[in-house]
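Engineer: First the structure, then my questions, so here it is.
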């Protein structure tokens, strides 16, 4: 139960931080390209990887703090960070085909899911 609370607390902070940072970056660039989301995905990927590859590898954080920061904060901030880390793990294990497949599937299938939801919504609305 404790881990669930840690994940919930971290995710709440991560979500608020994502909302603030994404909006701030988007206002700064004032462009059609989603720079805010890109910034969040880059920062979240870096932060998760640094926690795992430095703090966790050096055993500098407790398992509770790891849960709070990785499964909570980073996942609330962006799940793209988890996708990126899992892809790097596949590359480290020399699973190159799976790494490319994972990247391609996440990119294309998530975009396809958004397109599907868009058209389904339009159909259900009657437009």
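Engineer: Residues in segment 89-109: is at least one under 19 Å from residue 11 (Cα atoms) and not in a helix (DSSP H, G or I)?
Structural biologist: For segment 89-109, residues under 19 Å from residue 11 (Cα atoms) and not in a helix (DSSP H, G or I): absent.
Engineer: Report yes if some residue within segment 105-114 is surrounded by 14 or more Cβ atoms within 10 Å (Cβ to Cβ), out of contact with any strand residue (DSSP E or B) (no Cβ under 6 Å at 6 or more places or on another chain) and at pLDDT below 90; otherwise report no.
Structural biologist: Within segment 105-114, one or more residues are surrounded by 14 or more Cβ atoms within 10 Å (Cβ to Cβ), out of contact with any strand residue (DSSP E or B) (no Cβ under 6 Å at 6 or more places or on another chain) and at pLDDT below 90.
Engineer: When residue 70 is evaluated against the numbered criteria (1) at pLDDT 90 or above; (2) part of a helix (DSSP H, G or I); (3) exposed (fewer than 11 other Cβ atoms within 10 Å of the Cβ), which criterion, by number, is the only one it fails?
Structural biologist: Condition not satisfied by residue 70: (3).
Engineer: Taking the options 10, 15, 76, name whichever one is within 19 Å of residue 106 (Cβ to Cβ) and either out of contact with any helix residue (DSSP H, G or I) (no Cβ under 7 Å at 6 or more places or on another chain) or surrounded by 14 or more Cβ atoms within 10 Å (Cβ to Cβ) (or both).
Structural biologist: On inspection, the qualifying residue turns out to be 76.
Engineer: While we're here: If I filter segment 56-67 down to residues being assigned to a helix (DSSP H, G or I), without any contact (Cβ under 8 Å) to a residue 60 or more places away in the chain and touching a helix residue (DSSP H, G or I) at 6+ places or on another chain (Cβ under 8 Å), which single residue comes out as farthest from residue 9 (Cα to Cα)?
Structural biologist: Taking the candidates together, the pick is 56.
Engineer: Going by the structure shown, is residue 32 at pLDDT below 95 and assigned to a helix (DSSP H, G or I)?
Structural biologist: No, not satisfied.
Engineer: From 90, 21, 43, 65, which residue is within 13 Å of the chain's Cα centre (by Cα) and either at pLDDT below 95 or surrounded by 14 or more Cβ atoms within 10 Å (Cβ to Cβ) (or both)?
Structural biologist: So the residue among 90, 21, 43, 65 that is within 13 Å of the chain's Cα centre (by Cα) and either at pLDDT below 95 or surrounded by 14 or more Cβ atoms within 10 Å (Cβ to Cβ) (or both) is 43.
The values are calculated or read from the model by the stated rules, or taken from the named source; none is laboratory data. Treat the numbers as computed from the prediction; the structure is a model and nothing was measured. Neighbour counts are summed over all protein chains in view; Cβ atoms, including those assigned to glycine, are modelled from backbone coordinates with ideal geometry.
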